[in-house]
Structure formats: C-alpha cells, structure tokens
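Enquirer: One structure follows; several queries about it will come next.
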Amino acid sequence: MDALLHVDQDQRAVVMNIHNESVRTFGSGRLSQSGSILVAIVDGFWLSETCPTENIMIEHLKLAGKVALVQGGSRGIGAAIVNRLAKEGAAVAFTYINSEVNALEIQDSINANGGRALAIRADSADEKAIRQAVQTTAETLGRLDILVNNAGVLAIAPLNEFSMQDFDKTLAINVRSVFIASQEAARHMEEGGRIINIGSTNAERMQFAGGATYAMSKSALIGLTKGMARDLGPQGITVNNVQPGPVDTDMNPEHGEFAESLKALMALPRYGKSEEIASFVAYLAGPEAGYITGASLTIDGGFSA
C-alpha cells in the first residue's frame with residue numbers, strides 16, 4: 001500500500017526495505033511500503049513511520065538536499081568523487097567527453113540505488129559547453145551548491161619539443177575551464193556554496209623532466225583559488241584547491257613508467273586511492289568545512305614532506 005510523506009521542495013524521499021537493503025527513490029515525498037518496515041531519508045536523517053526510531057539506525061547524510069556538478073567525472077578521481085558525493089546524499093551531475101560507457105554506468109548505478117545522477121557530455125576546452133553544463137545542472141536538478149573542477153590533461157615532453165598545441169590544450173582544460181565553470185556556477189550558488197578545484201602536488205614539486213607546462217597549470221590554480229575565495233567570500237561561497245600526489249588512475253597508474261621512482265620519494269611508499277581523495281573533497285563540500293577557503297590542501301602520502 002502506498003503512503004505519502006510531506007518533505008520540503010529541496011529534500012528527497014527514499015524508501016529502504018531493512019530486510020533486503022534495497023533502496024528506491026520515488027521523487028519528492030512519495031513513499032511505498034516494501035516488507036515490514038518503511039524508512040525515509042528526510043533532511044539527511046533516516047526516519048521510520050512503522051517502528052520506533054530507537055529500533056533503526058539513524059544516519060546523517062551530510063549533503064542531503066544539495067546539488068553538485070563535477071567537471072570530469074567519468075573516470076579515476078572524478079568518478080570516485082561523483083560516487084562519494086552521491087553516497088553523502090547529494091544529487092550529482094558530472095561531465096565527460098569520451099568515456100560515455102563509464103559515464104552511463106555511473107549514472108545508472110547511482111539512480112538505481114536511490115540517488116540522483118546526471119551525465120552530461122561536455123568538452124572542458126569549450127567555453128559554451130562548460131557554461132551549458134552548469135546551466136543544465138541548475139535547471140534539471142533545481143539548484144547548484146557544489147562545483148568540483150576535476151577535468152585535467154597531462155602532456156609530457158622536453159621544453160624544446162613541447163608543441164604549442166599541447167601547451168594551449170593544457171591551459172584550456174587545466175586552468176581556463178576552472179575559471180569558466182566557477183564564474184558560471186557562482187551565479188547560481190547561494191550562501192554556503194562550495195567550489196573545489198583539483199590541482200596537483202606538482203604545482204609545488206615537479207620531480208621529473210618534461211612536466212613544466214603541467215606543473216605551471218597546476219600552480220596557476222593556487223593563485224586562482226585564492227583570488228576567487230576573496231571575490232566570492234562576501235557571498236558565503238568557499239573556494240579551495242585539493243592537491244593530490246601520485247594516485248592510481250589511468251593518467252598515472254600505480255604500475256606505470258614513473259611508479260617506482262615516485263614511491264621512492266614518498267613517506268608512505270604507495271600510491272593513493274581515488275577514494276581517499278574523494279573523501280576529502282566530500283569533507284570540503286560539507287558543513288564542517290565552512291571556515292576553510294582560499295586554501296591549497298595537499299594529500300600526497302608525504303611526497304612533499
């Protein structure tokens with residue numbers, strides 16, 4: 001038998017069958033009985049209509065009711081961030097350019113498990129596509145609270161062989177797209193908004209030859225983050241920069257060409273996991289991080305120690 005629950009416009013209603021742990025979403029406030037216990041997530045808390053709350057687990061979802069956009073969310077660190085923000089209760093849109101299969105798998109998995117996800121094909125080197133992705137997120141999901149700028153490219157070549165085409169592409173995606181997306185997102189954000197840039201420890205330490213342009217692009221994010229934090233602080237929007245060290249991704253695999261030499265430089269001789277970066281991004285997106293802004297925060301296993 002169906003039941004109804006009143007929730008605010010920005011809140012989601014989710015039904016969980018405690019017996020088999022299946023989760024289903026029925027839009028704004030519509031619940032359905034499944035099994036013997038009816039449970040809903042309202043304002044980030046598990047609530048029950050058919051049993052005392054002391055008999056069920058109460059879990060707070062820190063990002064319930066929030067909407068996030070992740071630039072570059074179909075692989076590696078970006079995919080981990082999308083999944084973590086969704087796990088924390090946010091509705092998440094994310095962009096991709098070539099990895100359509102991965103993007104749709106992530107979108108469908110989140111939606112099938114009671115969350116809300118939206119995959120948007122958008123080239124992070126294209127200003128119009130970036131602005132449209134931000135607008136689509138706000139229009140489709142109803143608002144925009146969190147922007148994660150994760151799209152990035154890495155081109156390696158000696159200085160005297162580095163092409164201007166690769167130079168321009170590196171700056172377009174690693175720096176220019178961050179500025180464009182942040183500018184557009186800030187127009188939709190209210191007080192409490194979050195902009196989180198994904199930089200690199202290479203901004204402050206480039207340990208191999210051929211990475212000058214990449215290091216320069218990530219160094220630019222340090223200054224851009226500080227400047228945007230000043231500009232957006234009066235609106236109550238925080239801007240921070242996360243600088244991962246070596247992380248096991250397709251861009252820099254744990255068993256790749258540079259892996260052993262990188263591990264030798266680290267206090268913790270291992271690559272990081274995408275999920276470890278995502279957990280910190282989720283913290284910065286949440287309410288506890290409201291007094292952190294303009295910061296570049298390094299997570300690198302002691303690579304820069």
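Enquirer: Mind checking which residues of region 216-268 are part of a strand (DSSP E or B) and of a type in the set (S, T, N, Q)? Even if it seems obvious, please write down each step before you answer.
Expert: Initially, region 216-268 is screened for residues part of a strand (DSSP E or B), giving 238-244, 247.
Within region 216-268, 238, 240, 241, 243 meet the criteria.
Enquirer: Quick check on region 277-293. Is at least one of its residues assigned to a strand (DSSP E or B) and modelled with pLDDT of 95 or more?
Expert: no
Enquirer: Residue 303 - would you say it is more than 29 Å from residue 90 (Cα to Cα) and either of a type outside the set (A, V, I, L, M, F, W, C) or touching a Phe, Trp or Tyr at 6+ places or on another chain (Cβ under 7 Å) (or both)?
Expert: no
Enquirer: Go through region 188-215 and report how many residues are touching a Pro at 6+ places or on another chain (Cβ under 9 Å), crowded, with 18+ Cβ neighbours inside 10 Å and not β-branched (Val, Ile, Thr).
Expert: Qualifying residue count for the region: 2.
Enquirer: Among the residues of region 173-192, is any assigned by TED's automatic domain parsing to the domain that holds residue 122, in contact with a Lys or Arg (Cβ under 6 Å, 6 or more places away or on another chain) and over 28 Å from residue 102 (Cα atoms)?
Expert: no
Each row is one residue, and each column tells you yes or no for (1) more than 27 Å from residue 215 (Cβ to Cβ); (2) out of contact with any helix residue (DSSP H, G or I) (no Cβ under 9 Å at 6 or more places or on another chain).
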position: 72; (1), (2): no, no
position: 110; (1), (2): yes, no
position: 113; (1), (2): yes, no
position: 136; (1), (2): yes, yes
position: 151; (1), (2): no, no
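The values are calculated or read from the model by the stated rules, or taken from the named source; none is laboratory data. Computed from a prediction, not measured in an experiment: that's the story for all the values here. Note that each Cβ is placed from the backbone with ideal geometry, even for glycine, and that neighbours are counted across all protein chains shown.
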